[in-house]
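J.: Structure below; questions to follow.
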Amino acid sequence: MPFVTALTERLGLTHPIIQAPLAGGADSPDLIAAVGEAGALGCLGATYLTPAQIRATTAAIRDRTRRPFGINLFAPAAQPVPPNDMRAAVARVAPYYAELGLAPPPAPTATANPFPELFAAALESGARVFSFTSGLLPDDAIAAAKARGMFLIGTATTPEEAKALERSGVDAVVTQGAEAGGHRATFSGAPETGLIGTLALVPQVVDAVTIPVIASGGIMDGRGLAAALALGASGVQMGTAFLASAESGAPSAYKQAIYGARAGDVRLTRAFSGRPARCIANRFTTEMEAAESGAILPFPWQNNLTKALRAEAAKQNRAEFLSLMAGQGAALARGEGAAALIERLDTEATLALNRPLRR
Ligand SMILES: Cc1cc2nc3c(=O)[nH]c(=O)nc-3n(C[C@H](O)[C@H](O)[C@H](O)COP(=O)(O)O)c2cc1C
């Protein structure tokens with residue numbers, strides 16, 4: 001029984017379900033198109049792509065489906081001052097490069113502010129939705145997306161961030177609970193101030209804003225969808241469940257790590273990117289965290305320093321060097337195709353909401 005909500009009505013969806021943007025390649029055109037064809041909203045995490053890659057990937061999505069899809073970027077942020085000595089960090093990862101048969105990495109560089117050109121490509125992409133994380137959008141970007149008729153979604157980890165996003169003019173807000181896989185989206189305080197669980201966060205944000213609220217973090221099945229709707233959300237955004245699905249572009253070692261994860265293995269780490277991200281712990285995160293301070297650079301330098309290592313590990317299917325970003329619900333992933341997952345979410349949520357109270 002498909003659920004009708006403000007989100008399904010505004011975007012013409014059959015199901016109040018968004019496949020989270022999965023920057024790094026899991027959100028393949030096949031996945032985004034399959035999600036769209038099944039009546040939910042697929043999203044492309046474009047933050048690590050070049051403008052040319054955005055154009056090629058969104059063309060591939062449009063070749064596969066006429067259904068709406070979303071595109072997502074990290075909000076523009078003031079670039080931190082480059083670290084003046086990167087030698088310890090480079091030396092720290094060099095043995096891992098050697099282990100994969102790669103030459104030692106050079107000191108990483110970082111583009112000053114990639115947002116304007118990525119945003120320009122996103123505006124031209126044909127996406128119905130523009131979503132963003134880790135900050136607010138400047139007024140001119142909000143106006144430009146609206147002039148294109150795009151539906152705007154920001155990401156909040158506290159009720160205060162949700163209110164700031166509403167004031168800025170977004171059409172809906174995603175709540176990112178502490179359970180969520182991937183980078184923490186917190187933008188208005190230290191990362192630990194935004195570690196509020198979905199069960200506590202969603203109703204507080206629903207009470208704080210008048211725009212539709214989309215719950216994310218730890219939602220893996222129809223029970224989670226039902227719970228989010230019961231808390232007042234107009235829909236859910238799910239990352240880990242779609243990351244593990246058949247059409248996802250994640251390497252098979254990554255998917256296997258998700259199926260085998262225990263909730264306690266899923267931790268916050270800065271080891272791969274320099275920003276706190278929830279990942280399945282592996283050899284790289286464990287050893288890097290044990291290293292002396294100064295061995296992990298700030299974002300985006302650490303991210304760029306580990307990029308070639310992660311790419312080679314994906315080729316060699318070596319999970320111990322992959323950034324295994326996943327949420328606390330990882331072990332609930334089944335790995336079916338996206339359409340089957342969406343169908344199951346609908347059936348299970350209907351059952352959960354109609355279940356007799358006594359169990
Ligand atoms: C591999 C991975 C990549 C992600 N990339 C992005 C991204 O580029 N932009 C974004 O807004 N959220 C991103 N997220 C976070 C999701 O939007 C969402 O908050 C999270 O997946 C929800 O928790 P769940 O994984 O438990 O479903 C990513 C999550 C994962 C697991």
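J.: Restricting to Cα atoms and excluding each atom paired with itself, what does the Kirkwood estimate give for segment 16-152 in Å?
T.: Values: mean 1/r = 0.0601 Å⁻¹.
Result for segment 16-152 stands at 16.6 Å.
J.: A further question on this structure: Which stretch or stretches of segment 109-128 have amide N atoms under 17 Å from the point lying 7 Å from ALA60's Cα along the Cα→Cβ direction?
T.: 122, 125-127
J.: Another question, if that's okay. Would you calculate the convex hull of the Cα atoms in segment 220-263 and tell me its volume per residue in Å³?
T.: Numbers: hull volume 3.5 nm³, N = 44.
Each residue corresponds to 80 Å³ of Cα convex hull volume.
J.: Straight-line reach from LYS255: which aspartates and glutamates have a Cα under 20 Å away, not including same-chain ones fewer than 8 places off?
T.: ASP27, ASP30, GLU179, ASP221, GLU247, ASP265, GLU312, GLU320, GLU336
J.: Can you give me the C-alpha center-to-center distance between segment 49-123 and segment 186-210, rounded to a whole angstrom?
T.: Answer, in whole Å: 27.
J.: Rolling a 1.4 angstrom probe over the protein heavy atoms, how many square angstrom per residue are accessible across segment 35-148? Present the calculation step by step, with values, prior to reporting the outcome.
T.: Values: 5450 Å² over 114 residues.
Heavy-atom accessible area per residue stands at 48 Å².
J.: Something else now. About its Cα centre, what dipole magnitude does the chain give when the only charges are +1 on Lys and Arg Cβ and -1 on Asp and Glu Cβ, stated in debye to the nearest 20? Intermediate values should be presented prior to the final figure.
T.: On the way: 31 positive and 30 negative charges, 77 e Å.
The dipole magnitude comes to about 360 debye.
J.: I'd like the distance separating the alpha-carbon centroids of segment 1-34 and segment 240-318, in whole Å.
T.: 25 Å
J.: What spacing in nm lies between the two simple spin-label points modelled at ARG344 and THR50, each 7 Å away from Cα in the Cβ direction?
T.: In this crude label model, ARG344 to THR50 measures out at 3.9 nm.
J.: For LYS163, give me every one of the lysines with a C-alpha distance below 21 angstrom, ignoring sequence neighbours fewer than eight places off in its own chain.
T.: LYS146
J.: Further question on the same structure: HIS183's amide H: which non-local residues (gap 5+, or another chain) put their own amide H closer than 5 Å, with H modeled 1.01 Å from N in plane and none for Pro or chain starts?
T.: So HIS183 has HN proximity to ARG278.
J.: Now for a separate question. Pull out the extension gain between THR286 and ARG355, defined as 0.36 nm times the separation in residues minus the alpha carbon to alpha carbon distance; nm, one decimal. The partial results should precede the final answer.
T.: Values: separation 69, 0.36 × 69 = 24.84 nm, distance 4.24 nm.
Contour length minus the Cα-Cα distance gives 20.6 nm.
J.: Using only Cα atoms, tell me the angle between helix 198-208 and the longest principal axis of the chain; keep it within 0 to 90° and round to the nearest 10.
T.: 60 degrees
The values are calculated or read from the model by the stated rules, or taken from the named source; none is laboratory data. Computed from a predicted structure; not experimentally measured. With ideal geometry, Cβ positions are generated from the backbone for all residues, glycine too; neighbour counts draw on all protein chains shown. Just the protein is used for accessible areas: all its heavy atoms, side chains included, with ligands, DNA and RNA removed. Shrake-Rupley method; radii C 1.70, N 1.55, O 1.52, S 1.80 Å.
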